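Enquirer: I'd like to ask you about the structure that follows.
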Amino acid sequence: MSLRNVIAPFSAWARAFQKPFTVPQDSTHRPGAERYRGWHINDTEKCIGCGTCADICQNEAIDMVPVDEPTKGDSGLRPKVDYGRCCWCALCVDVCPSASLGMSSEYVWVDKDPDVFRYIPGVDKKDWDGDERGWRKDAGYDLIDHERVPMPMLEPEEERVKTWAEVVLGYNEEQARKEAARCVECGLCIAACPAHMHIPDYIAAIRDGDYERAVQQIYDNNPLPEMCGKVCTRRCEGVCAVGVNGDPLAIRWLKRFATEQFSDFDQVLSRDVPQIGAGRKVAVIGGGPGGLTAAFYLAVRGFQVTVFEALPQVGGATFFGIPKYRFPLPSLEKQVKLLTDRGVKILTNHKVEGDEFKRIQQEFDAVYIGTGLLKPSALRAPGEDLPGVMHAIDMLIDHHLGKKVDVGESVVVVGGGNVAIDAARISRRLGAEVTIAYRRRLVDMPADDEEIEDAQAEGVKLITQNIPLRVEQTPEGKLDFVWGPAEMVASEDGGRPRPKLIEGVENHLIVDRVIVAIGQKPDLTWLPDDVAEGVSNKWGYIDCDENGMTHVEGIFAGGDLVNDTADAISAIADGLKAVEGISRYLGVDAKVRRV
Amino acid sequence: MSLFEIENPGFDILEDPQDGPNPREVQLWFGPQHPGITGNMSVQVWLEGDTIKRGITHVGYLHRGFEKLMERRKYIQSFPIVCRMCVAEPDTTEYLLAASLEELSGLDAEVPEKAQWIRTLVMEMSRLQAQLMVFGGQAGTMGLGTAPNWTYTLRDFLLDSFEELTGGRVYHMYITYGGVRRDLPQGFALRLEKTLDAIEERLPYLDDLILDSEVFRTRARGVGVLPREWAEEIGITGPPLRAMGIARDTRRDFPYLKYPELDFKVCTATGSDIYARTLVRRMEIQESIGMIRQILQKMPHEGPYCAKLPNMLHWTIPAGYTYVRAEASRGEMGFVMVTDGSDKIRRVHLRGPSYTNAVTVLERMLPGTNIADLSALMVSLQTCPPEIER
Ligand SMILES: Cc1cc2nc3c(=O)[nH]c(=O)nc-3n(C[C@H](O)[C@H](O)[C@H](O)COP(=O)(O)OP(=O)(O)OC[C@H]3O[C@@H](n4cnc5c(N)ncnc54)[C@H](O)[C@@H]3O)c2cc1C
Ligand code: SF4
Ligand code: SF4
């Protein structure tokens with residue numbers, strides 16, 4: 001035993017005269033660290049109610065509870081955290097696609113009532129709601145992948161105008177499965193899709209490599225999925241949770257990939273559907289997407305369906321409007337084949353007119369009208385009747401019926417929607433220099449962003465904020481498209497800003513052709529007058545009830561004639577509505593699963 | 001062969017209770033509710049006087065089935081679980097989970113350089129705070145209450161640094177697939193240096209209180225001596241092994257992270273008793289401080305701290321098998337990891353030093369141990385029930 005070792009421990013006494021390390025809790029509440037993981041906070045304005053936080057929480061500490069009505073891109077649900085379960089891992093924060101969820105630096109909370117430790121951050125007000133400190137999502141770390149797998153395109157861009165080949169090439173298997181793996185399965189897209197397709201389910205099937213399952217899910221409520229997979233307006237992608245801070249899932253391209261895995265859908269889809277419609281006859285007038293949808297889902301249920309189509313090919317605007325470099329004919333034919341396989345009778349080159357309609361009404365138990373919008377809107381500028389001024393819709397129909405369309409060497413396309421873009425890109429392929437003249441700003445253009453980019457890549461020029469003043473013939477036999485610049489002013493009715501002509505300035509564009517693409521209107525002159533009057537409203541469109549039925553009993557309608565979104569998927573949704581409406585009208589249970 | 005025949009003569013069996021109770025013998029439950037027990041376990045001992053005649057360890061109080069839970073969760077959801085396998089040193093299991101799945105998925109190739117440095121830093125900080133806890137705690141088992149108060153305070157300084165770096169004090173949930181979850185905060189290195197200085201400054205006082213204390217020396221020397229032969233037979237690792245004079249250390253022998261780029265000593269002592277094990281820990285505290293300083297000097301300041309991750313909700317990993325290991329303060333920890341190509345772990349098994357030390361070694365050591373030394377023996381073996389009951 002050494003004396004030093006006996007004495008050494010007493011050196012501790014020296015500490016008795018120093019400031020203690022310990023602090024009394026009540027007088028010095030130390031704030032948590034800058035990135036402390038304390039009680040949750042949520043910016044409920046930014047939160048979209050996707051529920052990804054609840055999905056990742058391995059403690060199941062999060063419940064999604066309704067706090068508001070659902071709106072576009074927001075489920076109206078908000079996370080409620082149970083602190084009897086939470087382990088403060090902050091995975092919920094790191095996964096949150098909107099970056100709305102965070103954790104405060106506050107960690108002390110004493111209460112006698114255990115139930116208070118379950119609250120909806122941001123909705124149930126807490127002292128720490130405004131805390132700047134605490135764990136937040138960080139730019140360098142993410143649990144979801146915000147980068148879309150790029151779509152292979154026909155290269156080089158300049159060469160595209162020399163061919164009618166499809167521009168978008170489609171994903172290969174590896175690309176599709178990688179893209180599908182980005183999905184967080186929130187389902188916001190289902191609500192945004194007019195047809196409410198089972199999007200997360202078919203994406204999951206693609207991720208699993210089970211393409212049959214994917215196509216079965218897809219065909220559950222869309223009989224033209226390959227068309228939608230190529231040209232859909234993809235309202236779904238606009239609300240995709242992953243897209244809030246990055247690229248939305250390529251939902252459209254994934255659908256396309258799934259359908260392209262099969263050359264024929266007959267084998268993939270079950271025929272085992274209760275034949276509730278047996279013995280009942282339905283006429284579909286107009287073979288556009290809406291009509292074909294109604295026809296297919298009625299036919300698979302045993303209804304006897306006949307489609308009357310004026311043109312030599314069904315498909316409606318997807319046949320006569322949408323260019324083949326976006327939606328090739330074999331793809332349309334493949335989808336139509338399934339319809340005929342399942343018993344849909346299609347009469348092409350058969351325009352229904354006048355008395356025939358009455359005969360159809362008598363012969364069939366119900367009629368669906370889906371004749372679309374074929375009458376072009378007028379430019380309402382002097383000179384619009386001059387030779388060389390043409391309407392996009394007529395030009396597209398002629399082109400798709402194989403007639404020769406002469407666009408000369410230079411074209412101005414007036415308009416900013418998909419029809420304008422299609423007319424412009426077709427004109428480029430027919431060899432013309434093309435300018436699109438649009439009234440509002442680029443951001444206001446109703447055409448799909450990608451379509452606009454593709455058109456520009458193909459050399460289409462774009463001028464915006466201009467008002468057509470008149471079209472004149474030049475001595476050289478060309479057309480002088482005269483336009484004035486416009487400024488954007490707030491609209492009186494609170495709608496989107498509208499263009500107002502700046503007086504006194506005139507610009508000239510000398511071209512061979514002026515193509516007008518400023519919209520189409522309904523044309524019901526083919527209907528007997530009394531019927532036309534019965535079904536249409538004062539603007540010439542058709543109003544329907546929740547069953548898709550018009551004011552005239554037994555007549556149903558849908559598509560561009562009825563809805564105000566005027567795209568293929570809305571027409572398909574109308575067709576689905578009519579299937580349920582018609583079967584209900586004919587006294588059979590409409591609550592069967594589609595297909 | 002009879003089922004009751006003793007096949008293995010080396011295997012102790014308890015005396016037949018049919019002989020009737022030994023009137024000189026007292027049966028005692030040490031734990032699970034006893035301040036001297038290391039966590040949620042108990043030791044059932046039979047005493048004669050204050051000498052333990054025989055005894056058995058009981059675990060099961062803390063069983064949460066983590067290994068099984070992880071088979072039912074997506075990879076990312078297993079991440080917050082693993083730290084709970086070892087309360088005292090949660091970062092080792094975080095690293096093992098990340099490293100094993102990174103290896104099987106191929107993500108290891110993408111873990112950024114900086115992340116590897118930060119991981120090494122965290123692993124050493126973690127070892128340091130754990131060693132501080134045991135260093136003082138060891139004295140506490142001998143009634144020297146001041147020492148653990150001090151070392152826990154020093155550990156708390158480090159927990160402040162952990163809180164600043166990871167957002168949590170005890171469960172850090174920081175080392176994860178692809179790297180770490182956040183960058184070093186601005187000025188972190190400077191503040192950590194200060195903490196190290198504060199710890200280092202107080203270590204001599206602790207030496208006075210512990211290693212140089214006559215009470216400690218008398219009670220720790222020659223007590224709890226582990227025979228060298230057990231090392232290989234039982235698979236003893238960490239300070240108990242190095243206190244036998246055997247220089248084995250996973251960080252040097254099976255290099256991982258940035259350890260090959262660090263200058264450090266594998267600390268050993270002789271005697272294989274409680275004192276030797278405490279001495280090894282004391283030296284390792286010094287080494288860790290030095291290593292943390294080197295890391296702060298050497299690590300890159302720029303660059304990403306985590307690889308770009310795929311959607312973690314649907315991450316799948318090809319079928320595979322691996323064993324990864326790391327040196328915790330207690331000894332070698334390892335994960336046996338099996339994946340089957342799905343989005344969940346097929347099987348994971350934690351190999352930790354505590355099972356060896358708290359069950360196998362302790363039970364062998366019990367006969368002949370003085371009941372007053374039991375607590376000290378357990379702490380010197382650094383038995384940690386959460387890590388046994390995963
Ligand atoms: C150029 C162009 C590009 C487009 N691009 C897209 C796009 O990219 N994405 C998208 O989602 N939508 C696009 N659309 C819109 C989409 O094609 C339409 O919204 C959709 O086709 C409307 O479907 P529908 O059921 O109303 O019938 P429609 O497609 O309008 O078809 C109506 C059919 O009825 C036939 N018909 C008319 N009268 C009679 C009669 N009396 N008897 C028999 N048959 C008759 C017509 O010949 C036609 O086939 C585009 C439209 C056009 C014109
Ligand atoms: S993950 Fe984010 S956006 Fe989605 S519900 Fe949770 S808090 Fe809201
Ligand atoms: S912090 Fe972790 S345990 Fe708590 S609610 Fe979020 S994910 Fe669940």
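Enquirer: Taking 41 Å as R0, compute the FRET efficiency from the Cβ-Cβ separation of B:Asp253 and A:Glu212 and round it to 0.05.
Expert: FRET efficiency, B:Asp253 to A:Glu212: 0.20.
Enquirer: Roughly what % of DSSP beta bridges within the protein assembly as shown run antiparallel, to the nearest 5? List each step's numbers first, then the result.
Expert: Numbers: 66 of 97 bridges.
Antiparallel bridges make up about 70 percent of those DSSP assigns within the protein assembly as shown.
Enquirer: Also, quick follow-up: Taking chain B as the reference, fit the longest principal axis to its C-alpha atoms, fit the long axis of helix B:188-209 to the helix C-alpha atoms, and give the angle between the two in degrees, 0 to 90, nearest 10.
Expert: 20
Enquirer: Starting from the Cα of A:Lys345, step 7 Å along the direction of its Cβ; do the same at B:Glu48; then give the gap between the two resulting points in nm.
Expert: 10.6
Enquirer: Okay, moving on. Once label points are set 7 Å from the Cα along Cα→Cβ at both A:Asp111 and B:Arg364, what is their separation, rounded to one decimal in nm?
Expert: 5.4
Enquirer: How well do other chains shield peptide A:415-422, expressed as the mean number of their Cβ atoms within 10 Å of each residue Cβ?
Expert: Details: counts 0, 0, 0, 0, 0, 0, 0, 0.
Going residue by residue through A:415-422 and averaging, the value is 0.
Enquirer: Just tell me how shielded A:4-14 is by partners: mean number of partner chain Cβ atoms within 10 Å of each residue's Cβ, no decimals.
Expert: The mean count of partner-chain Cβ atoms within 10 Å per residue comes to 6.
Enquirer: How much length is gained if the chain between A:Thr71 and A:Glu553 is pulled fully straight, taking 0.36 nm per residue apart and subtracting their Cα-Cα distance, in nm to one decimal?
Expert: So the chain would gain 170.2 nm between A:Thr71 and A:Glu553.
Enquirer: A further question follows. Could you check the spin-label model distance between B:Asp160 and A:Asp529? Points 7 Å from the Cα along Cα→Cβ, value in nm.
Expert: 9.4
Enquirer: Taking the Cβ of B:Ala247 as the center, what net charge do the other residues with Cβ under 11 Å away carry, scoring Lys and Arg +1 and Asp and Glu -1?
Expert: Numbers: positive: B:Arg242, B:Arg248, B:Arg252, B:Lys265; negative: B:Asp249, B:Asp253.
In short, +2.
Enquirer: Same structure again: With axes computed from alpha carbons, what is the tilt in degrees of helix A:418-429 against the longest principal axis of chain A, rounded to the nearest 10 within 0 to 90?
Expert: Computed tilt is about 70 degrees.
Enquirer: Next question. Enumerate the amide H contacts of A:Arg470 below 5 Å, restricted to partners 5 or more residues apart or on another chain; note that Pro and chain-start residues carry no placed amide H.
Expert: Counting only residues 5 or more places away or on other chains, the set is A:Val482.
Enquirer: Let me ask something else about it. Dipole size in debye (nearest 20) for chain A around its Cα centre, Lys and Arg Cβ +1, Asp and Glu Cβ -1? Intermediate values should be presented prior to the final figure.
Expert: Values: 69 positive and 93 negative charges, 240 e Å.
Roughly 1160 debye for chain A.
Enquirer: Using a 1.4 Å probe and counting only protein heavy atoms, arrange A:His146, A:His29 so the residue with the most accessible area comes first. Mind showing how you got there, number by number?
Expert: Values: A:His146 30, A:His29 80 Å².
These residues rank, largest area first, as A:His29, A:His146.
Enquirer: What are the residues whose amide H is under 5 Å from the amide H of A:Tyr119, where those residues sit 5 or more places off or on another chain and H is modelled from the backbone?
Expert: A:Val81, A:Tyr83
Enquirer: I need the phi-derived Karplus couplings for the stretch A:301-312: 6.51 cos²θ - 1.76 cosθ + 1.60, θ = phi - 60°, integer Hz, Gly and Pro marked x.
Expert: 9, x, 5, 8, 10, 10, 9, 9, 10, 5, 8, x
Enquirer: Now a separate question. Can you compute 3J(HN,Hα) from phi for each residue in the stretch A:557-572, using the Karplus curve 6.51 cos²θ - 1.76 cosθ + 1.60 with θ = phi - 60°, rounded to whole Hz and x for Gly and Pro?
Expert: Values, residue by residue: 8, x, x, 4, 5, 10, 8, 9, 9, 6, 9, 4, 5, 5, 5, 4 Hz.
Enquirer: Taking amide hydrogens as modeled 1.01 Å from N in the peptide plane, which residues meet the under 5 Å criterion relative to A:Arg280, leaving out close sequence neighbours?
Expert: Here the answer is A:Gln304, since their amide H atoms fall under 5 Å of that of A:Arg280.
Enquirer: Report, to the nearest whole %, how much of the accessible area of chain A belongs to carbon and sulfur atoms, 1.4 Å probe, protein only.
Expert: Exposed carbon and sulfur together represent 50 percent of the surface.
Enquirer: Right, something else. Using the Karplus equation 6.51 cos²θ - 1.76 cosθ + 1.60 (θ = phi - 60°), what ³J(HN,Hα) coupling, rounded to whole Hz, does each residue of the stretch A:219-230 give in order, writing x for Gly and Pro?
Expert: Once θ is set to phi - 60°, the couplings for the stretch A:219-230 become 6, 4, 8, 7, x, 10, x, 5, 4, 4, x, 9 Hz.
The values are calculated or read from the model by the stated rules, or taken from the named source; none is laboratory data. Computed from a predicted structure; not experimentally measured. We place every Cβ from the backbone using ideal geometry, glycine too, and count neighbours over all the protein chains shown. Side chains included, ligands, DNA and RNA excluded: accessible areas come from the protein's heavy atoms. Shrake-Rupley method; radii C 1.70, N 1.55, O 1.52, S 1.80 Å.
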